[in-house]
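Computed from the coordinates by the stated procedures, all read-outs in this text should not be read as laboratory data. Owing to the predicted nature of the structure, the values given are computational and were not obtained by experimental measurement. Every residue, glycine among them, receives a Cβ derived from its backbone with ideal geometry; neighbour counts consider all protein chains shown.
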Amino acid sequence: MRVPQRGEVWLVDLGLAAKVRPALVVSVPPGDADRALVTIVPHTTSLRNSRFEAAVSVPFLKAGAFDVQSVATIPLPKLLHALGKIKPSDLVVERRLCEWLGLPPRKS
């Protein structure tokens with residue numbers, strides 16, 4: 001399995017209750033001495049119009065949004081396959097994630 005890169009969207013097995021769904025990789029690739037983990041933000045089509053939902057329009061996803069309140073860190077084997085990549089200019093997800101975590105937004 002190739003190492004997922006920040007900004008890529010992968011199909012991820014989040015278990016029985018959360019289903020298999022697309023998720024955006026928001027962490028950097030782990031190194032050889034690091035744990036084989038990746039931090040993701042799941043995509044949902046069940047919108048609640050929350051300020052913590054980040055809509056990104058790309059051809060490989062159904063209409064919906066990334067739900068930053070569901071951010072998770074999972075083992076690499078839970079990632080099934082890559083679906084595509086989001087342009088850095090579309091990383092509104094990162095801004096919403098910073099808001100949710102109470103962190104200052106990253107400087108461009």
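The C-beta contact set for the range 47-69 (first residue within 15 Å of residue 86 (Cβ to Cβ) and without any contact (Cβ under 8 Å) to a residue 12 or more places away in the chain, second residue among the polar types (S, T, N, Q) and surrounded by fewer than 17 Cβ atoms within 10 Å (Cβ to Cβ), distance under 8 angstrom, 6+ apart or interchain) is empty. Identification of strands (runs of 3 or more DSSP E) wholly contained in the chain with 3 or more residues that are surrounded by 17 or more Cβ atoms within 10 Å (Cβ to Cβ) and either in contact with a strand residue (DSSP E or B) (Cβ under 6 Å, 6 or more places away or on another chain) or among the β-branched types (Val, Ile, Thr) (or both) yields 8-13, 20-25, 37-44, 65-67. Could you please find all residues in the range 6-43 being in contact with an Asp or Glu (Cβ under 8 Å, 6 or more places away or on another chain) and either closer than 14 Å to residue 81 by Cα or in contact (Cβ under 8 Å) with a residue 40 or more places away in the chain (or both)? Selection gives 20, 24, 25, 26, 41.
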